[in-house]
1. Springs between alpha-carbon atoms under 10 Å, Gaussian network over chain B: tell me which of B:21, B:11, B:68 tops the mean-square fluctuations.
2. If you rank B:155, A:154 by how much accessible surface each has, with a 1.4 Å probe, what is the order from largest down?
3. Whenever you get a sec, line up A:116, B:74 from highest to lowest accessible area (probe 1.4 Å, protein heavy atoms).
4. Give me the dipole magnitude in Debye, nearest 20, for region A:17-200 about the Cα centre, with unit charges on the beta carbon: positive for Lys and Arg, negative for Asp and Glu.
5. Helix-derived [θ] at 222 nm for chain A: sum -39500 (n - 2.57) over DSSP H runs of at least 4, divide by residue count, nearest 500?
6. At q = 0.18, 0.24, 0.26 Å⁻¹, what log₁₀ I(q)/I(0) does a Debye calculation on the Cα points of region B:1-73 give, no solvent, two decimals?
7. Just reorder A:174, A:14, B:142 by solvent-accessible area, largest first, 1.4 Å probe, all chains present.
8. To the nearest 10 square angstrom, how much accessible area does residue B:7 have with a 1.4 angstrom probe?
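The values are calculated or read from the model by the stated rules, or taken from the named source; none is laboratory data. It should be emphasised that the depicted structure is a prediction, and the values quoted were computed from it without experimental measurement. Glycine also receives a Cβ, built like all others from the backbone with ideal geometry; neighbour counts cover every protein chain displayed. What goes into the accessible areas is simple: the full protein's heavy atoms, side chains included, and nothing from ligands, DNA or RNA. Shrake-Rupley method; radii C 1.70, N 1.55, O 1.52, S 1.80 Å.
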Amino acid sequence: MSKTASKSAQPAYVLDRCEAVPAMIGDPKHFLVVTGLAGTAKDFASLTQDGPNYFGMAGAMGAAVSMGLGLALARPDKRVLVATGDGELLMNVGALATVSVLNPPNLSILCVDNGHYGETGYQKSHTSLGVDLEQMAIGAGIKSTCTVDSQDGIAAGARMLRESNGTCFVVLRVKPTDPPKFKRNMDIAASRVRFRLNLLGQA
Amino acid sequence: MAGVSATKDKAEEIEIGWQNALYDTLKAQGVTQFSYVPDAGHRILIDRSLADPDVHSVALTTEEEGVALAAGAHLGGARSVLLMQSSGLGNCVNFMSMIKGGNFPFLTLVSMRGDFGEGNPWQMGMGQAVRPVLDAMKFISVEVTKPDEVVPTAIAAATMAFKSGQPVAMLLTQKLIGAKAF
């Protein structure tokens, strides 16, 4: 866990998401998972084997945090994990302000930040050009935040995601390399029904 | 002028009446999440939701958050309603494709601007586009023009949304809420 990356230094993008995301999450059954499109959807499709506690998007860019908020408010008895990328989050970064005002204790947000728009050909995103999403989350009022950019920080980031008693926001900085390959169900309605059957026992 | 003022008071009393009845109706329909960008047209619903310990009152920074919020609420078995002005619909369009494509139930109440008697040219473009946009996204729209239509229309809209799993927009027209000069 580091605030070590000083403002002047380039942020460290050294971890491989294919290893760092599973290490950070552990058993994904601990969470109800909502992911934004592209990289994080693939990270968690692979990690959950496209499981029934996973709803991953392939569009609606910018929707992940708000969707996780609706789920977390609906199910205070479950821990909700939102996984989003830097690009996905930047498209609706105001959602962090909405979340922080309500501060649901069962909502954990993981931003897998590779500094790039991987899906469209790895164009640089704002975070590799000086924008710091943890600072934006702090500015939005989220009290529990950290940035993990090395192996040493993973355990503390993992603990925050599982145990924080207010909404938490964890940035995981990773190299701009591909997420795991996994062929997931892209049918939105089928994913919705599967998720609800698992959680509620009804479609 | 006393007559004008009395008419205004009467109109305000009617508006307070139907907004309160609308809030009670939405709660009776099982809505527990009210999301909104502050709007004069939804003032009483917003204030009631803020004061109500049994619901979540969610102030959004942009209306599209409320679309995703409603989808998340549904995944968790809760009912959400998005309160917005017609201009906000323009901010929602891309997320509406997730609602439609996923057969998510969805209910929004849209207070209209840029319509009947509008005096602000900045409101006209989006106001006039509300119905075509809803049609293009294959959302059902129902309109209210009179105070006594509010509650039955809300019940109809909520039933289509939450029982039949449809995306529904209930338009509170300027015939109902008045064409304000702000």
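1. The residue that fluctuates most here is B:11.
2. Numbers: B:155 75, A:154 10 Å².
Result of the area sort, largest leading: B:155, A:154.
3. Numbers: A:116 40, B:74 20 Å².
Output order, biggest surface exposure first: A:116, B:74.
4. Here region A:17-200 has a charge dipole of around 540 debye.
5. Working: 8 runs with 74 residues, N = 203.
Helix-only estimate at 222 nm: -10500 deg cm²/dmol.
6. -0.75, -1.10, -1.21
7. Details: A:174 0, A:14 90, B:142 30 Å².
Per-residue accessible area, sorted high to low, gives A:14, B:142, A:174.
8. Estimated to the nearest 10 Å², residue B:7 gives 90 Å².
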